[in-house]
Structure formats: C-alpha cells, structure tokens
Amino acid sequence: LPLCFPQKLWKMLESDQFQSIWWSEGGKCVAINEDLFKVEVLGRGVRQRVFNTRHIESVIRQLNLYGFIKMQRDFQRSASLPEFLAEEVAAAAHSQILYYYNPSFNRAHPWLLGMCKRR
C-alpha cells in the first residue's frame with residue numbers, strides 16, 4: 001500500500017537522506033528549508049520522487065489538509081544599531097525556513113501518527 005502524506009513526511013524526517021527537512025522544537029514541529037527542499041525533494045526525477053508534485057505550494061496545501069499549522073518565529077531585537085542590523089541579516093536567512101505544527105505529529109509519540117487524518 002502506498003504511504004499517506006503524514007507517513008511519507010515522517011519517513012523523511014527520520015531519514016538521514018534529507019537536509020532540507022528536520023524535526024524542530026524537540027520533535028514537536030517540522031522545519032523545512034524552502035529553497036533546499038525545492039531542489040532536494042521536489043527537484044527529483046520521476047522514479048525518485050517522494051511526493052507527486054514539483055511545487056512547494058502543493059506540499060503546503062497537504063500540510064494544511066492534514067491539520068498542520070504554520071508557526072511564526074519571533075526574534076528578540078537588540079537596541080543597538082549594529083546588533084539590530086546583524087539580527088536582520090540572520091532573520092532574513094531564517095525566513096526561508098518554514099515551521100509547521102500538528103499535535104498528532106510528534107517525534108516522541110509515533111503512535112499519534114494514525115490520528116493525522118485528512119480534513
């Protein structure tokens with residue numbers, strides 16, 4: 001039987017084959033480096049494809065359909081101008097990382113995976 005979307009996602013996260021997607025927040029969130037994911041996962045040939053798409057928007061749509069919510073990253077800003085500018089550069093690099101959370105998708109509780117149902 002083919003794997004459903006959450007199962008494919010889980011296998012990717014547990015594999016050391018992908019650098020563009022990883023567990024974040026102690027295994028409670030999925031982190032995706034958008035640019036690297038487009039090349040590493042969505043840019044694969046037909047035979048090696050993980051998902052039946054080449055578009056990040058389709059993957060995000062699947063995340064939303066399975067109850068994942070996008071998490072915002074908040075950064076504390078420094079008062080001094082040089083520190084503020086350095087933090088802006090770091091935040092810009094960090095902005096291409098997407099974070100998604102689903103209470104039934106938790107590395108420490110793999111048995112909850114079965115509760116990730118399509119809406």
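Any read-out appearing in this document is the output of simple, stated calculations on the displayed coordinates, not a laboratory observation. Only a predicted model underlies this, so the values are computations on that prediction, with no experimental measurement involved. Ideal geometry is used to build each Cβ from the backbone, glycine not excepted, and the neighbour counts take in all protein chains shown.
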| field | Residue-span extension gain [Phe5 to Asn64] - 0.36 nm each, minus C-alpha spacing | value | 20.1 nm
| field | Approximate spin-label separation Leu36-His109, in nm, with each point projected 7 Å along Cα-to-Cβ | value | 2.8 nm
| request: Arrange the peptides 45-57, 20-32 so that the one whose residues have, on average, the most other Cβ atoms within 10 Å appears first. | output: 20-32, 45-57
| query | Gain in length, Gln48 to Ser15, computed as 0.36 nm per residue apart minus the alpha-carbon separation, to one decimal in nm? | reply | 10.4 nm
| request: Quick one: net charge around Arg61, please, counting Lys, Arg +1 and Asp, Glu -1 for every other residue with C-beta under 13 Å from its C-beta. | output: +2
